[in-house]
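Undergrad: First the structure, then my questions, so here it is.
The values are calculated or read from the model by the stated rules, or taken from the named source; none is laboratory data. Worth saying up front: this structure is predicted, and the values here are computed from it rather than measured. Counting neighbours? That spans all protein chains shown, and the Cβs are built from the backbone with ideal geometry, glycine included.
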């Protein structure tokens, strides 16, 4: 019988290719309890697990147990979430994600959900008028998605080139063996001017095992971790033409700071502040909360 050590491999940094890593700390796997090393590349800043499970071993994690909340990530039961009627009761809130995406690339547009899982975001995208397809490598998830009538690809060579106005990757990049390969594949799928929209934790200024983001480090399956600097380097490496920051109006309206200032009458209760004083106050305080690490800051997006 294979031991865990037989499934582990050492890797160079995926972003810069160097073997110049700084040891940060050890984190035990949820399933194996193996003490994985979390490291940071001294050359480019990418944080990753090394050594880690081989690509084949990683693929084996995404089985029926994983999607039922019994794998390395117990924070979400994907099957249970898929069947919930209320978006607010779901962990990833696909309807909210679609509302945000509509602000960037409205329907009807061509849409690929890369790493679509069981297809809940795909379902919402089609419901809101997008011409949507999915990509997924898990055999269990692929069968589930197809069983619900959605089109899903399961290998890179199947994906069409220059087909999509927007490609999404919601909590996907941290799972990928090679983010470079994934981002390059997504780039090829996008039309000229198409947008890559993704969600993954921002590891700007990560402080190791005592940092609140340590809970995101699930080293059997979450193996790469990204900062603003790192993502900008990835986008430059692949050749994306534009890197931009985006803050959803939906998040602004529902944000605590926006509501607080609106209730005090210091800014207008609209989608966004419109007066000079309102913009100065709101965005100034927003930047301050970012510096003080009182709010999560999204990583930059990219356009082909």
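Undergrad: Sort through 85, 27 and tell me the only one that's over 22 Å from the mean Cα position of the chain (by Cα) and farther than 17 Å from residue 177 by Cβ.
TA: 85
Undergrad: Anything in segment 160-175 that is surrounded by 19 or more Cβ atoms within 10 Å (Cβ to Cβ), touching a helix residue (DSSP H, G or I) at 6+ places or on another chain (Cβ under 9 Å) and not in a helix (DSSP H, G or I)? List them, or say none.
TA: Selection gives 164, 166, 167, 168, 169, 170, 172.
Residue-wise test of (1) assigned to a loop (DSSP other than H, G, I, E, B); (2) modelled with pLDDT under 95; (3) crowded, with 19+ Cβ neighbours inside 10 Å.
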{"site": "125", "(1), (2), (3)": "no, no, yes"}
{"site": "137", "(1), (2), (3)": "yes, no, no"}
{"site": "143", "(1), (2), (3)": "no, no, no"}
{"site": "180", "(1), (2), (3)": "no, no, no"}
{"site": "191", "(1), (2), (3)": "no, no, no"}
{"site": "214", "(1), (2), (3)": "no, no, no"}
{"site": "222", "(1), (2), (3)": "yes, no, yes"}
{"site": "229", "(1), (2), (3)": "no, no, no"}
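Undergrad: Would you pick out the residues in segment 5-16 that are touching a helix residue (DSSP H, G or I) at 6+ places or on another chain (Cβ under 9 Å) and either under 18 Å from residue 230 (Cβ atoms) or not in a helix (DSSP H, G or I) (or both)?
TA: Scanning segment 5-16 gives 8, 9, 14, 15, 16.
Undergrad: For residue 61, indicate whether it is out of contact with any helix residue (DSSP H, G or I) (no Cβ under 7 Å at 6 or more places or on another chain), part of a loop (DSSP other than H, G, I, E, B) and modelled with pLDDT under 95.
TA: Against the criterion (out of contact with any helix residue (DSSP H, G or I) (no Cβ under 7 Å at 6 or more places or on another chain), part of a loop (DSSP other than H, G, I, E, B) and modelled with pLDDT under 95), residue 61 does not qualify.
Undergrad: Let me ask something else. Condition check: closer than 22 Å to residue 226 by Cα and surrounded by 14 or more Cβ atoms within 10 Å (Cβ to Cβ). Does residue 25 satisfy that?
TA: yes
Undergrad: A follow-up question, please. Please verify whether segment 71-83 includes one or more residues that are surrounded by fewer than 17 Cβ atoms within 10 Å (Cβ to Cβ) and under 22 Å from residue 130 (Cα atoms).
TA: Checked against the condition, which is being surrounded by fewer than 17 Cβ atoms within 10 Å (Cβ to Cβ) and under 22 Å from residue 130 (Cα atoms), segment 71-83 yields at least one hit.
Undergrad: State which residue is surrounded by the fewest Cβ atoms within 10 Å (Cβ to Cβ) when the search covers only segment 260-272 and only residues that are on the phi < 0 side of the Ramachandran plot and at pLDDT 70 or above.
TA: Looking at residues that are on the phi < 0 side of the Ramachandran plot and at pLDDT 70 or above, I get 264.
Undergrad: Sticking with this structure for a sec: Do you know which residues across segment 84-103 are free of Cβ contacts under 8 Å to residues at least 40 places away in the same chain and surrounded by fewer than 16 Cβ atoms within 10 Å (Cβ to Cβ)?
TA: 84, 85, 86, 88, 89, 91
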